[in-house]
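Here the structure comes first, spelled out in C-alpha cells, and everything after it is commentary.
The values are calculated or read from the model by the stated rules, or taken from the named source; none is laboratory data. Worth saying up front: this structure is predicted, and the values here are computed from it rather than measured. Positions of Cβ are backbone-derived with ideal geometry, glycine not excepted, and every protein chain shown enters the neighbour counts.
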Amino acid sequence: MITYLKDVILDSPGQLITYADYINAALYHPKLGYYMKDKQKIGREGDFITTSNVSDIFGRTCAKWFAHVVQKTLLPHVFCEVGAGNGRFARAFLDEWNERMPTPLTYIIVESSPYHRKLQKELLDKDFMFTQVASIEELGSFEGMIFSNELFDALPVHVIEKENGKLYEVMIGINNDQLHEVKVHLTNPAIHHFLKENKFELKEKQRLEIPLLMGDMLDDIAKILVKGLVVTVDYGYTHEEWKLPSRIKGSLRGYYQHKMIENVLQYPGEMDITSHIHFDWLIKRGEQAKLRFIEKLRQDEFLLKTGILEELQDHYDPNPFSETSKRNRAIRSLIVPGGMSSSFHVLIQEKGNVIDQIELFTN
C-alpha cells in the first residue's frame, strides 16, 4: 500500500493528496484497501466490534420493527442493507422475519467489498433468499426500507484546521516512504460552501472533518428511493456538540487490533479509519433531497421503543450459563446507561409520506 500511495502522491499536483483521497485508498482500493482485502475485520479476531456482532438481538429487534411498519403501511416487504459486513445482522433479521411473518421478504444487500460478499454468502446462502449488488445505483427505483449500520462514519472525509486566524486544508505528502501532513490554504469551494451552509466558525487550532462524500451518498439514496424509510445507525455529533472544547482535535481515528490509533497515517490498508458524522447536516441534506426528517434517537432509546424489554420478560432462565441468560445479558448491555448503545444514534428519514397516519413504534 505504501508504494501505491507514494506513486499517487508523487503524481499529484504539489505532490500532495487530500485526507479524503488517502482514506479512500487506504479503505477502498480494489486490492489493497482495508475493507476490500481478505482479512477478518469484525469481532475478536478483527479490529473492532459492532452492535450486530455482540448478539443477534439487534438484528431481530429491527426485523420486528420493520414487520410493524409494513403491517401498518402499504410499503412492500423489501429491506435493503447498505454495507452488511460479515452478514450477521442480515442473518438475525431474516431468522426473526421467517419466524414471525408468513409473507416472504425481499432482502437486498449493497456491498462493494468482494470479501464481505463472500462472507455473506457463506453465512446466508443455505438458509435464505437474498440479493447482492455492488452499488446503490443498481437498485433502480426502490420502495421499502434502506438501512445502514456504521456506514457513513467509514466514508472518506477532508480535514481542515484553523491556524493564526486562517483556514487550511490538511493534506498528505510523503518523504522517504513516510507519510506526513502538510497544511495548505483552503481553496476547495465545496468545503467553503459546507462551512457557510452550516454556519461553522472554527476556533483557533480547531480541526474538523468535512464529509462531502456523506452528502453524495445520501443524494444517491434519495434518487433511487421512490417511497419508504431511510434508517441510519451511527455515531456522530450535532453542530453544537462539534463546538465543545473536547472536539477541538476532530474525531478522525483508526482502529487496529481493538486499539484506537490517533494517527491514521499508520498502517495504511491494515486498519479501520473512522470519523464521527455530522447529524445536523445529514438531516439538512436529506431535506434538500426530499428525505423528510422523522426522528433521531439514541440507539438504546430506539431499542426500548421497539420493544426489546419484551425479550427479557418473555425469556428468563436462572442458570447464568444458559443460552437464554447469555442472551439476556446481551440485551441488558444494549440498553444499560453508558453502555455501547448510548454512543450511537438512529436517524429516521422518509419519502412518500408513508408514515403520516401510523404510530412509528409499537411502544
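Counting only residues that are surrounded by fewer than 16 Cβ atoms within 10 Å (Cβ to Cβ), give me the strands (runs of 3 or more DSSP E) lying completely in segment 257-314 with at least 2 of them.
Those strands (runs of 3 or more DSSP E) span 259-261, 292-298.
Name the residue that is nearest to ILE172 (Cα to Cα), counting only residues in segment 262-285 that are modelled with pLDDT of 95 or more and of a type in the set (A, V, I, L, M).
Per the criteria, the residue is LEU265.
Could you give me the residue pairs with C-beta distances under 6 Å whose first residue belongs to segment 163-184 and is under 21 Å from PHE200 (Cβ atoms), whose second residue is in a strand (DSSP E or B) and among the acidic types (Asp, Glu) wherever it lies, and which are 6+ apart or on separate chains?
Pairs found: TYR168/GLU161; VAL170/GLU161; VAL170/GLU181; VAL184/GLU169.
Going by what's in this entry, would ASN175 be described as over 23 Å from the mean Cα position of the chain (by Cα), modelled with pLDDT under 95 and either more than 19 Å from ALA289 (Cα to Cα) or of a type in the set (Ser, Thr, Tyr) (or both)?
Criteria met by ASN175.
Taking segment 11-54, which residues are surrounded by fewer than 20 Cβ atoms within 10 Å (Cβ to Cβ), part of a loop (DSSP other than H, G, I, E, B) and at pLDDT below 90?
Selection gives MET36, LYS37, ASP38, LYS39, GLN40, GLY43, ARG44, GLU45, GLY46, ILE49.
Given segment 133-250, what strands (runs of 3 or more DSSP E) lie entirely inside it while holding 3 or more residues that are β-branched (Val, Ile, Thr)?
166-175, 225-234
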